[in-house]
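**Student:** Structure incoming, see below.
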Amino acid sequence: MSVQVKPGFIEKVKKFGAFDISACFNCGTCTAVCPLSKDDTTFPRRIIRYAQIGAEELMISSKELWLCYYCGECSDTCPRQAEPGEFMASARRYAISSFEPLGVARLLYTSKLFTTVFMAFLTIIFGVIMLSKSGPMIFEKPSFFSTDKLQGFIPFEVIHTTGIIVIILAAIAAFVGIGMMTKKVSAGVKLPSREKKESDRGIFARFWSAVKYVIEEMTLENRYRDCEEEPKTPWYRARWFVHWSIMWGFIGLGTATALDYIILLTVGKDPGQPVPLWNPPRLLGTLAGILLVYGTSLALAWRYKKVDKYHSHSLSSDWLFLWLMFLAGITGFALEIAIYLPRGTVWGYMVFLIHVILGMEIVFILPFSKFAHAVYRPLALFIHAFLSDSV
């Protein structure tokens, strides 16, 4: 396969992080100490070399780009302080921005001013939409939104219509990014040897093997645990568990919200009204919220304190991701308390408005922000596992 070399490519990647790969002389120390660098997976050295020579396509299509969890050992041991771990994170940010044709992801990753203005704009727009047809605050009992059978603060139709539009826009952007990523990553997959082709297990066997591999990786975080730098760290404070808590907390809350919505449409019961805490959607949402708040709280504290190499380099996009998730979790719990109060309160209605706006913002920026890792990482692992028949 011919490779197009782009002079000055490394300077483009530098805009997405704080590293100095020009100081790297390819000694290989980073690869030697990396606990995840096994067999033919020799990173970060290989990816660094791709960037140095301007091989953008090779870098973006590489499996190693998505296998790295930035444990920081490579940066700790680099004799030239080139920050190879931060380079790998920057390369992933660059890759995500290259899959998104509008340029929103690139600006979110590289411009604090754009991030601030963009999020303020979204907050104002969603706030105006929610309040455009708002009803009275009813204090006899909490009534946060209205349906045909219930009068409340914000009409259900406004939330429903706005949410559907936001989901459609985010889905379109996500599918475009997924399509571009699939095309670019597939082009860089090392196909099986002739001997392996002759004993091919079949397309369906390969497909299910790849699916099981990705599900196991997402569920158990086996590889993330392999790169845990402090074996004596309690599991509940380990970086892999914090990452796991945030990921599954977010997925759990999304699932609980979807179940609430289905119940509203099929049964007609208002999910904003008090139900037993052991009600399945409410229980799932509560447990997922605990995971999300726990994980984001530790992640924010670690970034603020800069406890290690990984948490020392924080872009505005990193802070945005964590704060949105943390605030969504906190306002969710405050709203849950407000629902069970005997009377409605002004702060309860304001929390409801903020919570809805946060939810809309999270969904809207999913394809453009660090949230995209939740899709791109497992997709890259699946493509390589399926096409190369490596699992």
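**Student:** Could you pull out every one of the helices (runs of 4 or more DSSP H) wholly within segment 73-122 that has 1 or more residues that are over 21 Å from S62 (Cα atoms)?
**Tutor:** Once the helices (runs of 4 or more DSSP H) in segment 73-122 are filtered for at least 1 residues that are over 21 Å from S62 (Cα atoms), what remains is 73-77, 104-110.
**Student:** Do you know which residues across segment 67-116 are among the aliphatic types (A, V, I, L, M) and touching a residue at least 12 places away in the same chain (Cβ under 8 Å)?
**Tutor:** L67, A82, M88, A89, A91, A95, I96, L102, V104, A105, L108
**Student:** Sticking with this one: Applying the selection to segment 22-42, what residues are modelled with pLDDT of 80 or more and out of contact with any helix residue (DSSP H, G or I) (no Cβ under 8 Å at 6 or more places or on another chain)?
**Tutor:** A23, F25, C27, A32
**Student:** Say whether the condition of being closer than 20 Å to A258 by Cα and either free of Cβ contacts under 8 Å to residues at least 60 places away in the same chain or in the same structural domain as A174 (by TED's automatic domain parsing) (or both) is met by at least one residue in segment 337-350.
**Tutor:** yes
**Student:** Now for a different question. Of the residues that make up segment 336-357, is at least one under 24 Å from T286 (Cβ atoms), touching a His at 6+ places or on another chain (Cβ under 8 Å) and either outside any loop (DSSP other than H, G, I, E, B) or of a type outside the set (S, T, N, Q) (or both)?
**Tutor:** Within segment 336-357, not a single residue is under 24 Å from T286 (Cβ atoms), touching a His at 6+ places or on another chain (Cβ under 8 Å) and either outside any loop (DSSP other than H, G, I, E, B) or of a type outside the set (S, T, N, Q) (or both).
**Student:** While we're looking at this one, here's another question. Quick check on my filter: what residues within segment 242-259 are free of Cβ contacts under 8 Å to residues at least 24 places away in the same chain and more than 15 Å from the chain's Cα centre (by Cα)?
**Tutor:** A258
**Student:** Which residue out of A51, A32 is of a type in the set (G, A, S), over 26 Å from the mean Cα position of the chain (by Cα) and not in a loop (DSSP other than H, G, I, E, B)?
**Tutor:** A32
**Student:** Pick from T257, T286: which is assigned by TED's automatic domain parsing to the domain that holds Y340, in a helix (DSSP H, G or I) and either modelled with pLDDT of 90 or more or surrounded by fewer than 15 Cβ atoms within 10 Å (Cβ to Cβ) (or both)?
**Tutor:** Going through T257, T286 in turn, the sole match is T286.
**Student:** Filtering segment 203-249 down to residues that are of a type in the set (S, T, N, Q) and under 21 Å from L284 (Cβ atoms), which residue is surrounded by the most Cβ atoms within 10 Å (Cβ to Cβ)?
**Tutor:** The qualifying residue surrounded by the most Cβ atoms within 10 Å (Cβ to Cβ) is S245.
**Student:** Shifting gears a bit: Might you let me know whether segment 99-116 holds any residue that is over 30 Å from A170 (Cβ atoms) and modelled with pLDDT of 85 or more?
**Tutor:** no
**Student:** Given the criterion surrounded by 15 or more Cβ atoms within 10 Å (Cβ to Cβ), more than 28 Å from R225 (Cβ to Cβ) and at pLDDT below 90, identify the matching residue among E57, E73.
**Tutor:** Result: E57 is the single residue among E57, E73 that is surrounded by 15 or more Cβ atoms within 10 Å (Cβ to Cβ), more than 28 Å from R225 (Cβ to Cβ) and at pLDDT below 90.
The values are calculated or read from the model by the stated rules, or taken from the named source; none is laboratory data. Because the structure is predicted, anything quoted here is derived from the model rather than measured. Note: ideal-geometry Cβ built from the backbone for every residue, glycine included; neighbour counts use all protein chains shown.
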